[in-house]
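Worksheet: the structure to be examined is printed underneath.
The values are calculated or read from the model by the stated rules, or taken from the named source; none is laboratory data. Only a predicted model underlies this, so the values are computations on that prediction, with no experimental measurement involved. Positions of Cβ are backbone-derived with ideal geometry, glycine not excepted, and every protein chain shown enters the neighbour counts. Just the protein is used for accessible areas: all its heavy atoms, side chains included, with ligands, DNA and RNA removed. Shrake-Rupley method; radii C 1.70, N 1.55, O 1.52, S 1.80 Å.
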Amino acid sequence: MRIVLSGPPGVGKGTQGDRLAEILKIVHIATGDMLRQEVSEKTELGLRAKAHMDAGTFVPDEVVIGMIEERITQPEAVNGFLLDGFPRNVTQAESLDEMLSHHDMGLDHVVFMEASENLLVERLAGRMLCGACGFGFHRHYSPPRKEGVCDRCGGELYQRHDDREDVIVHRLHVYQEQTAPLLDYYSDRPAFCRVDADGTMNEVYERLVLAMKD
Ligand code: AMP
């Protein structure tokens with residue numbers, strides 16, 4: 001099973017991607033997570049990516065395309081994969097198609113999650129993540145039992161640099177300009193579907209499962 005899970009920042013790709021990948025026993029490949037790992041390890045790639053990420057702009061295509069090709073051809077991806085945050089523009093989508101056909105693979109589902117801009121801003125601005133285990137909380141919708149502390153592992157919670165309100169607005173603008181055109185790129189394919197992501201975690205999950213059954 002090979003899936004592209006797309007949609008604007010804050011729509012819930014990470015949360016739903018984790019759950020779907022676990023159920024389907026496929027790897028969840030999130031370029032944002034991979035890049036944040038590189039940044040925290042201060043690798044050369046991470047140092048190159050950091051300024052782009054903090055500003056809410058894209059890391060150069062060749063960097064992310066290289067990362068993806070390496071991951072999807074690893075033995076751990078033999079059952080399939082769910083791509084979250086890639087492709088993010090038409091160049092990346094074309095590269096993905098080339099890569100897949102080169103390795104004799106295809107996409108089973110291309111899912112676009114959608115929500116209103118107000119909801120996205122609210123979700124992103126309230127988001128807090130655990131620095132130790134990566135688990136996500138929200139200041140209003142799912143606050144931790146103790147402020148600033150992860151319920152699961154006791155780790156310290158932090159706000160992503162790019163979840164500041166000014167950067168959020170910029171990220172949503174970049175999404176409209178660069179990623180939204182992918183709707184046209186994929187919309188003719190049988191694998192394509194759209195899912196309303198305004199709802200609880202469980203409601204949206206059910207919709208995703210249903211959309212992928214059709
Ligand atoms: P995300 O965690 O998906 O919101 O990604 C966080 C940041 O990582 C983005 O704002 C970009 O700076 C960078 N990034 C993630 N995926 C990509 C991609 N496919 N192409 C370019 N930059 C990316």
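Below, the figures for the structure above:
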quantity: Qualifying residue in segment 98-117 (condition: under 26 Å from residue 39 (Cβ atoms) and under 15 Å from the mean Cα position of the chain (by Cα)); calculated: yes
quantity: Positions within segment 174-197 being touching a helix residue (DSSP H, G or I) at 6+ places or on another chain (Cβ under 6 Å) and closer than 21 Å to residue 209 by Cβ, in sequence order; calculated: 192, 193, 195, 197
quantity: Residues of segment 184-214 satisfying the condition of being closer than 20 Å to residue 92 by Cβ, of a type in the set (Asp, Glu) and assigned to a helix (DSSP H, G or I); calculated: 184
quantity: Residues (among the charged types (D, E, K, R) and more than 13 Å from the chain's Cα centre (by Cα)) located in segment 4-52; calculated: 22, 25, 38, 41, 42, 44, 48, 50
quantity: Breaking point among (1) farther than 16 Å from residue 135 by Cα; (2) modelled with pLDDT of 95 or more, for residue 57; calculated: (2)
quantity: Residue count, segment 1-34 (criterion: within 8 Å of the ligand (Cβ to nearest atom) and either in contact with a strand residue (DSSP E or B) (Cβ under 7 Å, 6 or more places away or on another chain) or open to solvent by less than 10 Å² (accessible area, probe 1.4 Å) (or both)); calculated: 4
quantity: Where a residue in segment 57-74 is farther than 12 Å from residue 45 by Cβ and its partner, wherever it lies, is open to solvent by 20 Å² or more (accessible area, probe 1.4 Å) and within 7 Å of the ligand (Cβ to nearest atom), with Cβ under 8 Å and at least six apart; calculated: 58/52; 58/88
quantity: Pick from segment 130-165, criterion hydrophobic (A, V, I, L, M, F, W, C) and in contact with an Asp or Glu (Cβ under 9 Å, 6 or more places away or on another chain), ranking: nearest to residue 200 (Cα to Cα); calculated: 137
quantity: Count of segment 66-76 residues which are closer than 12 Å to residue 99 by Cβ and open to solvent by 10 Å² or more (accessible area, probe 1.4 Å); calculated: 6
quantity: Residue match in segment 124-140 (condition: at pLDDT 95 or above, surrounded by 15 or more Cβ atoms within 10 Å (Cβ to Cβ), under 30 Å from residue 190 (Cβ atoms) and touching a Lys or Arg at 6+ places or on another chain (Cβ under 6 Å)); calculated: no
quantity: Selection within segment 78-114 - touching a residue at least 40 places away in the same chain (Cβ under 8 Å), exposed (fewer than 15 other Cβ atoms within 10 Å of the Cβ) and of a type in the set (Val, Ile, Thr); calculated: 90
quantity: Whichever residue in segment 146-183 is in a loop (DSSP other than H, G, I, E, B) and among the hydrophobic types (A, V, I, L, M, F, W, C) and, among such residues, is nearest to the ligand (Cβ to nearest atom); calculated: 180
